[in-house]
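Engineer: Take a look at the following structure, please.
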Amino acid sequence: TRIGTPVDGSFSKIRHAHPMLSLSNGFTHDDITDFVARIRRFLSLDEGDELALTAEPKIDGLSLSLRYKDGGLMQAATRGDGREGEDVTANIMQVDAIPKQLVGRPPDTLEVRGEVYMKRDDFLALNKAQDAGGGKLFANPRNAAAGSLRQKDASVTGGRKLQFFAYSVGECSAELAPTHSESLEALAAFGFAINV
């Protein structure tokens, strides 16, 4: 099974500097136990060796890559097929939840990866407004977020209550932090919402 979404021909394409791989999740104790065993094997760790993990709740939205240069947002791309995504920069510039200028001292080049999503109450309000206006109803909040982000008119995107949280770093001109949890803390200090 191929994970990802084909790139829409109506948006220009952006090739990711590093592939945007799909995230895995775990639902049962056995899922977590198997995951930890795979990590131990990959790192050649013995059972008694300490292994620090960061757990993050999964929110189903649309994966997004944000590229910053000298702290300013330069480019935004969807995950697409993992190698190439859609250029949604103009639409992202209308989303209040995404910082356009980072605070503090971020690296000169910083690619932030995260999830665009819609809160349930905002989704219900959007569908109510769509219904009242004779518009198309969205099946779920993820589809509503994806549809909102792919609008031809960026002002429509800006009128939707989209949220964003950062979950990782792609290309970066300097090491952000030695651990994933510290990287998330650094992203929060730059002005991003995180989900831990």
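Engineer: From Gly147, Gly159, grab the single residue that is open to solvent by 40 Å² or more (accessible area, probe 1.4 Å), more than 15 Å from the chain's Cα centre (by Cα) and at pLDDT below 95.
Structural biologist: Only one candidate passes the filter, namely Gly159.
Listed here are the residues, each with its yes/no results for (1) touching a helix residue (DSSP H, G or I) at 6+ places or on another chain (Cβ under 9 Å); (2) of a type in the set (D, E, K, R).
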site: Gly82; (1), (2): no, no
site: Asn91; (1), (2): yes, no
site: Pro99; (1), (2): yes, no
site: Asp108; (1), (2): no, yes
site: Arg113; (1), (2): no, yes
site: Val116; (1), (2): yes, no
site: Ala125; (1), (2): no, no
site: Ala132; (1), (2): no, no
site: Ala144; (1), (2): yes, no
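Engineer: So, one more: Quick test for you: out of Ala166, Ala188, pick the one residue that is within 15 Å of Ile98 (Cα to Cα), small (Gly, Ala, Ser), exposed (fewer than 15 other Cβ atoms within 10 Å of the Cβ) and touching a strand residue (DSSP E or B) at 6+ places or on another chain (Cβ under 6 Å).
Structural biologist: Only one candidate passes the filter, namely Ala188.
Engineer: Has region 48-55 got at least one residue that is open to solvent by 70 Å² or more (accessible area, probe 1.4 Å) and under 26 Å from Ser10 (Cβ atoms)?
Structural biologist: No, that holds for no residue.
Engineer: Give the number of residues within region 89-126 that are over 17 Å from the mean Cα position of the chain (by Cα), closer than 14 Å to Phe192 by Cα and either charged (D, E, K, R) or not in a loop (DSSP other than H, G, I, E, B) (or both).
Structural biologist: Total meeting the criteria: 2.
Engineer: Give the residues of region 1-16 that are modelled with pLDDT of 85 or more and either open to solvent by less than 50 Å² (accessible area, probe 1.4 Å) or among the charged types (D, E, K, R) (or both), sorted by residue number.
Structural biologist: Selection gives Phe11, Lys13, Ile14, Arg15, His16.
Engineer: Considering only residues that are in a loop (DSSP other than H, G, I, E, B) and polar (S, T, N, Q), look in region 127-151 and name the one that is nearest to Gln94 (Cα to Cα).
Structural biologist: Only one residue fits best here, namely Gln151.
The values are calculated or read from the model by the stated rules, or taken from the named source; none is laboratory data. The model shown is predicted, which means the values in this text are computed figures rather than measured ones. Reconstructed Cβ throughout: ideal geometry from the backbone, glycine too, with neighbour counts over all protein chains shown. Note: areas computed on protein heavy atoms with side chains; ligands, DNA, RNA excluded. Shrake-Rupley method; radii C 1.70, N 1.55, O 1.52, S 1.80 Å.
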